[in-house]
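The values are calculated or read from the model by the stated rules, or taken from the named source; none is laboratory data. These numbers come from a predicted model, not from an experiment. Using ideal geometry, Cβ is built from the backbone for each residue, glycine included, and neighbour counts are taken over all protein chains shown. For the accessible areas, the whole protein counts, side chains as well, though only heavy atoms, and no ligand, DNA or RNA atoms are used. Shrake-Rupley method; radii C 1.70, N 1.55, O 1.52, S 1.80 Å.
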Amino acid sequence: MIEKDTVKLLRECDAGVKMGVSSIDDVLDYVEARPLRDALNECRKEHLQLGEEIRGELHRYQDEGKDPNPMVKAMSWVKTKADLLVHESDSTIADLMTDGCNMGVKSLNRYLNQYKAADERSKDITKRLINQEQELAFQMRGYL
């Protein structure tokens, strides 16, 4: 059971990291304030580093990982583009990123509770990803 829950938790983290990076990529071209761009780039870098660690752990279990749900990813992209078309601003970007971070934190905490038998390493990775999401949401507050 430990290995099964560990792999499932790591898969969800893998999908979450990929979704986060994709969401940041969707808005970077629209950012005006340099500090906002820096915060997004730093979070993107941290997500990519954690993603490598996650994929390394998944590789140990001979698992390929998980991509974000294509429908969720497409809906996120459409919402982002529509919101920016209506009101292209750093405030809109901060709002979109805050919503995404909050959804990520909620989902990751749900998975932590769901996969209780996962090993401590995968739980630690999940908690670090949650912390990255919470930190970015905190940094977005000044732009809302």
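A few comments on the model shown:
- Looking only at residues in the stretch 25-50 that are in contact with a Gly (Cβ under 9 Å, 6 or more places away or on another chain) and buried (at least 16 other Cβ atoms within 10 Å of the Cβ), the one that is farthest from S91 (Cα to Cα) is H47.
- For C43: the one exception among (1) touching a Leu at 6+ places or on another chain (Cβ under 6 Å); (2) farther than 19 Å from A15 by Cα: (2)
- Of all the listed residues (V27, V7, V72), the sole one being part of a helix (DSSP H, G or I) and within 17 Å of S122 (Cα to Cα) is V7.
- Some residue of the stretch 37-46 being more than 14 Å from the chain's Cα centre (by Cα) and farther than 19 Å from N102 by Cα: yes
- Within the stretch 131-138, the presence of a residue that is open to solvent by 60 Å² or more (accessible area, probe 1.4 Å) and at pLDDT below 95 is excluded.
- Per-region count, the stretch 61-106, residues of a type in the set (S, T, N, Q), surrounded by fewer than 18 Cβ atoms within 10 Å (Cβ to Cβ) and under 19 Å from the mean Cα position of the chain (by Cα): 2
- Filter result (outside any loop (DSSP other than H, G, I, E, B) and aromatic (F, W, Y)) within the stretch 105-133: Y111
- Filter pass, V105 being under 24 Å from A118 (Cβ atoms) and either touching an Asp or Glu at 6+ places or on another chain (Cβ under 7 Å) or without any contact (Cβ under 8 Å) to a residue 24 or more places away in the chain (or both): yes
- Output for the stretch 12-34, where each listed residue is of a type outside the set (D, E, K, R), farther than 14 Å from C101 by Cβ and without any contact (Cβ under 8 Å) to a residue 40 or more places away in the chain: L28
- Complete set of residues in the stretch 36-69 that are assigned to a helix (DSSP H, G or I) and in contact (Cβ under 8 Å) with a residue 40 or more places away in the chain: L36, A39, L40, C43, E46, H47, L50, E53, I54, R55, E57, L58
- For S22, the stated conditions do not hold, so it cannot be described as among the polar types (S, T, N, Q) and open to solvent by 30 Å² or more (accessible area, probe 1.4 Å).
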